[in-house]
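Before any comments, here is the structure.
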Amino acid sequence: MVSELSYLEILRLALPETALVITALVVLASDLLALRKDSLSVRLGFCASLAVLGCVAAGVLLVMASGAGDVGGGMFVVTPLIRLVKLGVLAMAVPALLVSAQGRFTTHAGEYVALILFAVVGMMFLVSAEDLLMVFVALEMTSLSLYVLTAFHKREVGSAEAALKYFLFGGMSAALALFGFSLLYGLTGSTNLNEMAQGVGVHASDPLLVVALIGVLAGLGFKVAVVPFHLWAPDVYQGAPTPSAALIATGSKVASFFILAKLMMVGLAGSEGSAAWGRYGSGWVLALAIAAAASMILGNLAALAQSSVKRLLAYSAIAHAGYVSLAILSNDSAGLTALLYYVFVYGLATMGAFAVVSVVEQQTGGDRLEDFTGLARRAPVLALGLLVFLLSLAGIPPLAGFFGKFYVFAAAAGAEAGLGLFWLVILGIAMSVVSLYYYLMVLKRAYVQEPGEEVAKFRVNGVATATVAILALAVVILGCFPDWILHRIATALG
Amino acid sequence: MTWIARNLWLIPALPLVASGLTALMSRRRRGWAAALAIGSLGISFLLALCAFAAALGQGGEHGPFREVVNFDWFQFGGQWLQLGWVLDPLTALMVVMVTLVGLLIFIFSVGYMAEDENFTRFFCFLSLFAAAMLGVVIANSLLLFFICWELVGLTSYLLIGFWYHKPSAAAAAKKAFITTRIGDLGLLLGMVWLYAESGTLLFYNGGAGCLEQGALTAMLVKGTAAGMAVSTGIGLLVFLGAVGKSGQVPLHVWLPDAMEGPTPVSALIHAATMVAAGVFLVARVYPLMAVGGGVGQGVPVTTVLTVVTWIGAATALFAASVAVAQNDIKRILAYSTVSQLGYMMMGLGVGGVAVGMFHLITHAFFKALLFLGSGSVIHGCHHEQDVRRMGGLKGFMPVTFVTYAIGMLALAGFPLVFSGFWSKDEILHAAHGWSVSHWPFYMGLAGAFLTAFYMTRQVALVFFGKYRGAEQAGGQGREQGSAGEAAHTHHSSTPSLHHSSFAPHESPSVMTGPLMVLAVFAVALGWFGTPAWPWFEAFLNGHSAEVELGKLFSGGFLGLALLSTLIVFAGLGLGWWLYGRRTRAGAEEPDVMEQARPDLWALLKNKFFVDELYEATVIRGNAWVSRACHLADRWVLGGAVQLIAWLATGVAWVDRVVDEFVINLGFDGGCRGLRESGGFFARLQQGRVQPYLRALGWGVVVLVIVLMVWRD
């Protein structure tokens, strides 16, 4: 297997990743060698724009590529769908980079930007992996970069604490995942997802398989933050520098959800079980259904009590992870389409919300609800953007989030015969209603409550405003024309 | 397909962009706001001219010229919902009219609103209105039409209530919105029904549209429960929308109150364009309303068109009689607008699209002229609107006077020279030939007489005699509240009372310029629709017009023309005899007619007590129902919601307790040793990581157990 590797083929298929790695190295070199004496904003601006260029180049390479390829029997697979998901990851990385360019939390501009790029490369490899070993390596590459990115606010003790928690939690999850992987290999004799699925079918009733699949679920559930693997999220979102948190919340989510769906739908095919009301059967569908239900309940209810907006977004992320899991539960192509659409528009809206939070944090020094008071007066464009993002997250038509929820719920409702998963859909809809409350709580601060004496306008950088405006526009447009993405996903799915 | 048909969407898109940009602008950039609005509408006007040129002389044997662009919007079920736009003579005429009148009114507004602090917002709304109105005009789908129609309604609401700090304006805005909404409900129901029957909302789609032969025949053949054809039912529902928007009886009550808005708004929205949208809607779906009405032998007669005619005729007469007894210069014009819209509806019913649309176009110009003229008068008289307090203005405001007189003569239908004569005569002519009844014809004649009378009264009171406003100059304490008529001052700056000279003054040229342009059109447009050269009708129907002077003297036309001339002169004469010969002595003196017949005067002055009737029936009834609903809502539904809310709060509280105390702290007691070894973490700000990890472990264990249990 290994001896037949064609290095030229690898290079051809991994050209976008290669471009990103080269960009990261150039960024590091230029910051360390050429820009030593320049001011921080120049260095950050230069590094970030270089990185954005790299991302755009990688995106262009992805768009121009065609056909499919597979290196090393699932080690690195490229299909039109995978290219689309990678484009989605890059689309999240660009605004994250633009937001980092505004940050003033570190003096290590080159390292920070390069690490973002490395994390993105990790996510792209993760998306391409169809082999357990490669999944694990890519997962670790992403996670390690993200741990460091979380700790980057060196003067802030919260940042270090968050990173340590993230790291410990991640380490334990990775251990569980590796344990699960090893059991799977032991049971089936293969690490390739497709071959593994056949073995799983044979051993469907083996108790070891249950332990294995829970281990796998723990490893990936940690990345997507479903209950009970969510505990790190609030602390990390709050403690990490905002651009890092934004990347964790968006790009990493896109890649992780895709690979979670692939592992479950492809790798564990044959041990689905059932989560239909009253007809439960042991398998990954049941495990994920429990996690999804718990996430929707806990995420939404806990968000009600938050006073830090980043923490609120973290609990909202947990809730959204629950909704997205519904799409995986439907276990068909409609579900996969819904999942990709949902994750993408969720990423856009979350990225936008973090971009706004980042500006507010810089101007007021905090991200508590009080800091958003009177935002509509102080920065009208940002407030309007925040309105669009939060309402999209709440699922208000005609914004993109509404169609995302609609497709996810429709896929889940239609998946099992006799509306078996309908209880989850009802739970999801009920919890969406709850979520409206805390999103509106933020918007009420921004729009309704009068600011106190200090009504000074924010001095908002043009790039930040443009980023927010473009993201908001994208959310609105994708809501008005959902078909624009759905059509592409459907074509890529074949 | 011509390039302009492909790019017709640009015409509404430009004002829309202007509106969006203005909305984001700072309030201080007044110049930019006006320039954006006027510039974008100017370009739209040029594009509209291109569209008009493209439609000119293009008709063929297959009926009028028509190009449509349809596109998919989104999919539901197995069907695609399509939207699109259409370029045909009807669209071409309307886009030119809307953009031209709009452009002139925008320019006028620069002068009129110069002192308002919300100048920028005003232009934002105006541009949004123009965009929506143009969207209505070009729409080739009833859905797109409806969307734009509602947007038009929204902007009308926003602009009527532009001075929202004034309770009367806020109330008028609400009234306009709610009243038209009643009509819109009919339109919505008609639209849904139409979709259910024909499976499409596109008007024209190469034979598959809902206004094309196939769908029409199907709807005509199919009957409803009451023995009515489906097409009749849909037609009546759609017409209900037109009744609301065009202020026809019985939904006319909002239009006079809408005069609370700034005068350019009244001119643009409540005279020239939006209120005419109802008439335009009927013209647009005319094939649906006329289907089954005897094809080939002249004007079709169907149930729907008969209803349209009667409603129109009733409105024309009713509103004209109310206009006689009003004292607010804008309210007189408002009732006149209602009355003229009635004429248009009647024209559509008895004479077809060309007859009604011709009056729509001519009316748009001369009524915009009259409203802007009244705006100029109001501006010149320091925001006085009561005609009893004006008088003698022809010396103070010569340009306004001359242009206003032209508009007034056009509205009254002064023979031969003015456009109103030709368009109104055509309606009367068609009504005379209507096979169902002669009554609409007589009602139209009576309305024409009243129109000439009340306009003479208005002009005599405003421009002739001596200026009566000066008597208030000394006493500032005049009551502001008199029926909400006279309190229209800008809230920001009060230029009126402390003015050095209280005499009226002519308006600046930015305001008189549009008046002069409109005056030219108020005269000249009539020449395009005379019986001798029926260009207008020919253009709409797609054939070419020939000059036949002989038709002017043919018996049918000549007799009617003489009759209507006689009637107009009678109205003008009576008006002048009562109001022009001897001018009022002072503002407080009772009206001549009031002295003669106080009972009749009171009836007219109070608009036949329609508002009071609605107050006593519809509104009171609605209040009762809403009170009952409120009680039910409060005790039944509210109780349930409250219960659920308590439950949710309880669960959230439990959850929070679990999250904070059980997970974060719950293991403290049992795990002292572990906690001490992790003292490093204890010093960190909050939340301990060991319980986190423990929770993770427990989660895994629980999941494994659950899956084991359910294993079969």
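Values for this structure:
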read-out	value
Count - residues of the range A:29-49 that are of a type outside the set (D, E, K, R) and crowded, with 20+ Cβ neighbours inside 10 Å	4
Considering residues of the range A:206-242 that are in contact with a Leu (Cβ under 8 Å, 6 or more places away or on another chain) and under 24 Å from residue A:113 (Cβ atoms) only, the residue farthest from the other protein chains (Cβ to nearest Cβ)	A:241
Qualifying residue in the range A:337-356 (condition: part of a helix (DSSP H, G or I), more than 14 Å from every other protein chain (Cβ to nearest Cβ), under 20 Å from residue A:427 (Cβ atoms) and of a type outside the set (A, V, I, L, M))	yes
The range A:327-336, residues that are assigned to a helix (DSSP H, G or I) and either under 15 Å from residue A:263 (Cα atoms) or in contact with a Phe, Trp or Tyr (Cβ under 7 Å, 6 or more places away or on another chain) (or both)	A:327, A:328, A:329, A:330, A:333, A:335, A:336
Considering residues of the range B:655-689 that are crowded, with 17+ Cβ neighbours inside 10 Å and not charged (D, E, K, R) only, the residue modelled with the lowest pLDDT	B:684
Residues (outside any helix (DSSP H, G or I), within 12 Å of chain B (Cβ to nearest Cβ) and surrounded by fewer than 16 Cβ atoms within 10 Å (Cβ to Cβ)) located in the range A:435-494	A:457
Test: residue in the range B:297-318 that is buried (at least 19 other Cβ atoms within 10 Å of the Cβ), touching a Leu at 6+ places or on another chain (Cβ under 6 Å) and outside any helix (DSSP H, G or I)	no
Residue check, residue B:337 farther than 21 Å from residue B:153 by Cα, of a type in the set (Ser, Thr, Tyr) and in a helix (DSSP H, G or I)	no
Looking only at the range A:283-318, and only at residues there that are in contact with an Asp or Glu (Cβ under 7 Å, 6 or more places away or on another chain) and either of a type in the set (Ser, Thr, Tyr) or assigned to a helix (DSSP H, G or I) (or both), the one that is surrounded by the fewest Cβ atoms within 10 Å (Cβ to Cβ)	A:308
Hits in the range A:203-214 - residues which are part of a helix (DSSP H, G or I), surrounded by fewer than 24 Cβ atoms within 10 Å (Cβ to Cβ) and touching a residue at least 12 places away in the same chain (Cβ under 8 Å)	A:208, A:211
Qualifying residue in the range A:231-245 (condition: surrounded by 24 or more Cβ atoms within 10 Å (Cβ to Cβ), part of a loop (DSSP other than H, G, I, E, B) and touching a Gly at 6+ places or on another chain (Cβ under 8 Å))	yes
Residue within the range B:257-266 that is assigned to a loop (DSSP other than H, G, I, E, B) and closer than 17 Å to residue B:368 by Cα present	yes
Top-ranked residue in the range B:194-211 [being in contact with a Phe, Trp or Tyr (Cβ under 6 Å, 6 or more places away or on another chain) and under 21 Å from residue B:64 (Cβ atoms); ranked as surrounded by the fewest Cβ atoms within 10 Å (Cβ to Cβ)]	B:211
Criterion (under 23 Å from the mean Cα position of the chain (by Cα) and modelled with pLDDT under 90) met by exactly one of B:20, B:63, B:31, B:57	B:20
From B:48, B:13, residue being part of a helix (DSSP H, G or I), more than 14 Å from chain A (Cβ to nearest Cβ) and crowded, with 19+ Cβ neighbours inside 10 Å	B:48
Residue within the range A:441-449 that is aliphatic (A, V, I, L, M) and either farther than 25 Å from residue A:370 by Cβ or free of Cβ contacts under 8 Å to residues at least 40 places away in the same chain (or both) present	yes
Residue match in the range A:358-372 (condition: buried (at least 24 other Cβ atoms within 10 Å of the Cβ), part of a helix (DSSP H, G or I), within 20 Å of the chain's Cα centre (by Cα) and hydrophobic (A, V, I, L, M, F, W, C))	no
Residue among B:299, B:304, B:282 that is more than 30 Å from residue B:376 (Cα to Cα) and at pLDDT below 85	B:299
Given (1) among the hydroxyl-bearing types (Ser, Thr, Tyr); (2) in contact with a Ser or Thr (Cβ under 7 Å, 6 or more places away or on another chain); (3) within 20 Å of residue B:94 (Cβ to Cβ), number of the condition residue B:273 does not satisfy	(2)
Residue A:376 vs. criteria touching a Phe, Trp or Tyr at 6+ places or on another chain (Cβ under 7 Å), in a helix (DSSP H, G or I) and within 14 Å of another protein chain (Cβ to nearest Cβ)	yes
Matching residues in the range A:278-298 - criterion: being under 16 Å from residue A:436 (Cα atoms) and within 10 Å of chain B (Cβ to nearest Cβ)	A:297, A:298
Test for residue A:316: is it in contact with a Leu (Cβ under 7 Å, 6 or more places away or on another chain), hydroxyl-bearing (Ser, Thr, Tyr) and more than 14 Å from chain B (Cβ to nearest Cβ)	yes
Residues being in contact with a Ser or Thr (Cβ under 6 Å, 6 or more places away or on another chain) and in a loop (DSSP other than H, G, I, E, B) - total across the range B:414-435	1
Residue list for the range A:457-494, filter: free of Cβ contacts under 8 Å to residues at least 24 places away in the same chain and of a type in the set (Phe, Trp, Tyr)	A:481, A:484
Residue count, the range B:351-380 (criterion: within 19 Å of residue B:434 (Cβ to Cβ) and either of a type in the set (Gly, Ala, Ser) or in contact with a Leu (Cβ under 8 Å, 6 or more places away or on another chain) (or both))	7
Failed item in (1) closer than 15 Å to residue A:416 by Cβ; (2) within 14 Å of chain B (Cβ to nearest Cβ); (3) at pLDDT below 90, with residue A:303 passing the rest	(1)
Test: residue A:271 is within 14 Å of another protein chain (Cβ to nearest Cβ), of a type outside the set (Lys, Arg), crowded, with 24+ Cβ neighbours inside 10 Å and under 30 Å from residue A:121 (Cβ atoms)	no
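The values are calculated or read from the model by the stated rules, or taken from the named source; none is laboratory data. No experiment lies behind these values; they were computed from the predicted model shown. Positions of Cβ are backbone-derived with ideal geometry, glycine not excepted, and every protein chain shown enters the neighbour counts.
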